[in-house]
Amino acid sequence: MAIHLDASATGWEKPIQGFYRIVALAWLAKGFSGWATLVALDVEGPHFVTLSNWVTFLSLIVVPILDIVAGVALWISWRWGAGVWTLTTLGFVALEIFGAVPFHSITLTGVAVVLLFVHGMRLVFFRSTREQQITIV
């Protein structure tokens, strides 16, 4: 008895997976750089203990954790990891827009918005799978 799943309905599986793997590496690097700031490897920057605003405290601690989770989720499986990454990135962009992040990066925010746009276009134009065809022999 053999079960066959036809998962590659569009032929875009490998390029999409490659794109999300690159995004995963970038988001892992972003998360680890946030943790480097958190443990005060950047001596000139503010340390999280000196910050009294809870939103800033949240952005310094929670955002790097979520960045690492999103990067690992994208690396493991881009299908469900893209959802985790999207929520994390929307939260990051919202914090940047409202000015709650102590280290503003217009470039990183712009890249995040562009990547969210590309992800949205992938959802609209290239559905990952239409229907899975199951054959039981």
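Just so you know, all these numbers are worked out from the coordinates, no wet-lab data involved. Not measured: the values here are computed from a predicted model. Glycine gets a Cβ as well: all are built from the backbone with ideal geometry, and neighbour counts include every protein chain shown.
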Segment Trp80-Val55, length gained on full extension (0.36 nm per residue, minus Cα span): 6.2 nm
Burial ordering of Val113, Val118, fewest other beta-carbon atoms within 10 Å first: Val118, Val113
Extension gain, Leu25 back to Leu116 (0.36 nm per residue minus Cα-Cα distance, nm): 31.2 nm
Computed lengthening from Ala36 to Val93, 0.36 nm per intervening residue step minus Cα-Cα distance: 18.5 nm
Whole-Hz ³J(HN,Hα) from phi, Karplus 6.51 cos²θ - 1.76 cosθ + 1.60, for segment 70-86, glycine and proline x: 5, x, 5, 5, 5, 5, 5, 8, 5, 5, 8, x, 5, x, 5, 5, 4
